[in-house]
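Enquirer: Let me give you the structure first, and then I'll get to my questions.
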Amino acid sequence: MEYFVQQLINGITLGGVYALVALGYTMVYGIIQLINFAHGEFFAAGGYMGVIMLTWLSAQGVPPTVCLVLSLILTMGYCALLATAVEKVAYKPLRNSSRLSVLLSALGMSIFLQNGLMLTQGVYDKAYPTEMTQGGLHFGMVTLSYMQIIIVVVTAVLLVGLNTLVFRTRIGKAMRATAQDKTMSALVGINSGRIITITFAIGAGLAAAAGIMVGLYYGSVRYDMGFVPGIKAFAAAVLGGIGNITGAMLGGFIIGMVEIMAAGYLSSEYKDVFAFIILIAVLYFMPTGIMGENVDDTRV
Amino acid sequence: MNRIALKVLSLALAVILAAPAAALAADVLKVGTLSPLTGPYAADGNDIANGARAAVEVVKDQGGIPGFKDIVVQAEDSICDPRQAVAAANKLINEKVPVVVGAYCSSATIPASETLAEADIVMITPASTNEKVTERGLKYMFRTCGRDDDQSKVAIKFIKDFIKGGTVYIVDDKTTYSQGLADNLEKLAGAQGVKVLGHEHVNQGDKDFSAVLTKVKAANPAVFYVSLQNSASGALMLIQAKRMGISAKILAQDAVYHPQLMEIAKDAAEGVFLTFGYTDKETPAYKAFYAKYQPKYGEPGAYSAYAYDSAMAYLMAVKAVGSTDPAKVREAMLKNKFQGASKKINYLENGDSGSNYIIQTVKGGKFTNYWNPETGKLY
């Protein structure tokens with residue numbers, strides 16, 4: 001029982017990270033039907049910016065908690081700006097081209113960003129100052145580390161924040177309208193270009209938050225760290241029904257949980273396989289994913 | 001008249017074009033290196049290239065090698081991938097290097113060595129510990145580091161004689177190297193009466209070890225054997241093991257040995273044991289190596305000194321026979337016994353140079369000699 005509870009905690013933590021990254025995929029897809037393959041790189045860039053910010057802020061004598069919150073906000077802001085720039089360069093000029101050219105542009109951007117990180121930050125792992133997040137709570141054999149609590153809390157806050165933004169604000173309304181029909185919403189006075197940029201920026205900000213928390217959780221970041229979580233998060237978004245925000249969250253948690261349980265009860269070497277088997281199975285029986293519907297107007 | 005002028009002119013051109021190439025081929029000694037300069041093992045790979053560079057610089061400072069105007073290092077990237085390694089080996093053959101220091105991953109070294117053997121190029125590996133590397137009867141294959149079978153013997157001896165642990169849990173990452181070591185350990189453990197509570201495999205590049213560590217914690221072994229082919233992954237595992245509250249003694253191996261282990265894991269690395277070659281840092285050879293290496297490339301990594309010694313052994317042999325003829329160089333390398341930066345170098349007939357594994361530990365953020373398997377005593 002304790003073993004199961006421990007694996008459950010591990011699964012929720014990992015699922016939270018996947019969910020945050022998956023949201024960006026799903027939002028961008030929802031609004032312009034683009035699989036943004038460069039999304040994993042925002043996650044990696046966030047990880048790097050996070051370590052730079054944290055190191056710099058703690059050198060200024062800022063107390064650890066403030067340090068964490070501040071670097072989280074600054075990093076998210078930075079990646080949002082980065083995504084805006086990427087969108088301007090790689091996607092905006094192709095807005096009226098075929099979907100394939102945008103997809104290729106996204107792949108190219110991913111390679112470009114990853115190599116950029118490698119050349120500017122080096123090929124070695126960069127260490128996070130993990131001292132501030134050491135320790136945890138022990139309940140018998142079960143350990144709940146502070147970092148796991150932080151990840152779950154931050155994920156929850158961001159998810160609630162995003163839901164409020166999308167379903168309770170004017171911008172959210174504009175986003176949903178643009179997703180439904182770009183031309184029509186433009187006709188009624190919504191600046192759809194700006195809305196698309198904002199969607200990109202928000203998605204990248206969430207990925208950056210995931211990056212910084214993964215850095216803190218595992219203790220280091222690396223230039224190619226965006227690839228695998230990127231693929232998993234993409235799978236999570238598809239699983240949940242791509243284009244659907246609640247679906248992406250659910251998909252993230254399912255992928256994380258399946259991965260941990262497969263590793264915990266079967267074998268670590270097959271955990272990736274099982275995550276994707278679930279994905280294939282769900283898609284076989286529900287081609288639009290768990291929360292996806294064939295009607296377009298539930299998309300962001 | 002015109003025709004003759006044209007002929008003379010073209011002849012002159014041909015001579016001008018051919019001359020530098022010929023001069024280069026004769027006067028420049030190219031030392032090739034093959035190691036993962038990019039990808040997950042880039043840290044160790046760059047250490048290897050830099051180790052060879054340091055050796056070349058030291059030899060040049062001592063006046064170079066008679067008959068050669070210059071010695072240059074040609075570093076190629078193997079990415080720890082068998083196909084890439086073979087492609088890089090072919091490139092080095094085209095570049096006419098007489099020697100290759102490398103590669104890193106045994107799974108890349110073995111196919112690359114087959115290619116290099118066809119061109120009679122001397123290959124000296126500073127880092128591939130798999131037994132097969134020197135057991136295929138390749139004439140010009142040498143190994144400066146130790147062997148996996150020796151490393152596992154030291155590990156099991158330590159578990160049995162020193163920790164007196166009756167149980168061990170093994171985790172490897174499925175590389176030729178890490179799984180080879182782990183399988184060896186499992187076999188030896190059975191023969192020695194140490195109980196193996198579990199043997200798990202993780203994937204290369206995994207960052208989340210929480211599931212497998214929960215298993216380790218539930219099994220509660222006396223020793224947790226971490227066989228990963230990457231010090232950064234090792235560091236991540238140490239951090240997560242500490243958070244999880246695993247109390248087992250952790251024993252790792254030489255691929256986890258790297259300064260970046262402490263840089264990333266910090267105090268989570270304290271007290272971890274590693275099997276690694278014994279290096280006497282007081283020898284003049286080590287001091288010469290360190291003085292050249294550290295200012296330019298930073299603190300030496302796990303395989304820097306082995307790469308340095310590999311290149312040095314070759315250059316000394318070339319100097320002794322005054323040629324790069326592989327047969328002659330092989331003779332000279334077998335005869336040459338010297339104190340290197342990493343250990344006493346003494347190549348045997350099969351190309352091995354013996355293992356010198358001891359148990360080291362991390363103490364105060366530094367690797368320290370801990371236990372001597374020969375005497376069974378602490379350092």
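The values are calculated or read from the model by the stated rules, or taken from the named source; none is laboratory data. Owing to the predicted nature of the structure, the values given are computational and were not obtained by experimental measurement. Every residue, glycine among them, receives a Cβ derived from its backbone with ideal geometry; neighbour counts consider all protein chains shown. Protein only, heavy atoms only, side chains kept; ligands, DNA and RNA dropped before computing areas. Shrake-Rupley method; radii C 1.70, N 1.55, O 1.52, S 1.80 Å.
Enquirer: Mind listing whichever residues of segment A:192-229 are within 13 Å of chain B (Cβ to nearest Cβ), crowded, with 24+ Cβ neighbours inside 10 Å and part of a helix (DSSP H, G or I)?
Expert: Those that are within 13 Å of chain B (Cβ to nearest Cβ), crowded, with 24+ Cβ neighbours inside 10 Å and part of a helix (DSSP H, G or I): A:Ala210, A:Gly211, A:Met213, A:Val214, A:Gly215, A:Leu216, A:Tyr217, A:Tyr218, A:Pro229.
Enquirer: Only one residue in B:Pro82, B:Pro40 is touching a residue at least 60 places away in the same chain (Cβ under 8 Å) and within 29 Å of A:Asp125 (Cα to Cα), so which one is that?
Expert: B:Pro40
Enquirer: Name the one entry in A:Val142, A:Val153 that is of a type in the set (Val, Ile, Thr) and more than 14 Å from every other protein chain (Cβ to nearest Cβ).
Expert: Residue meeting the stated conditions: A:Val153.
Enquirer: Moving to a separate point now. Which residue pairs have Cβ atoms under 7 Å apart, sit 6 or more places apart or on different chains, and have a first residue in segment A:92-114 that is acidic (Asp, Glu) and a second that is open to solvent by less than 50 Å² (accessible area, probe 1.4 Å)?
Expert: Cβ pairs passing all conditions: none.
Enquirer: Scanning segment A:117-139 for residues that are exposed (fewer than 15 other Cβ atoms within 10 Å of the Cβ) and within 14 Å of chain B (Cβ to nearest Cβ), which turns out modelled with the highest pLDDT? Walk me through how you get there before you give the answer.
Expert: Step one: of segment A:117-139, the residues exposed (fewer than 15 other Cβ atoms within 10 Å of the Cβ) are A:119-120, A:122, A:131, A:135, A:137-139.
After this cut, where a residue has to be within 14 Å of chain B (Cβ to nearest Cβ) as well, the list is A:119, A:122, A:131, A:135, A:137-139.
Details: A:Leu119: 90, A:Gly122: 83, A:Glu131: 75, A:Gly135: 79, A:Leu137: 87, A:His138: 86, A:Phe139: 86.
Within segment A:117-139, the match that is modelled with the highest pLDDT is A:Leu119.
Enquirer: Every residue in segment A:167-182 that is over 16 Å from A:Thr26 (Cα atoms), open to solvent by 50 Å² or more (accessible area, probe 1.4 Å) and not β-branched (Val, Ile, Thr), please.
Expert: Passing the criteria: A:Arg168, A:Arg170, A:Lys173, A:Asp181, A:Lys182.
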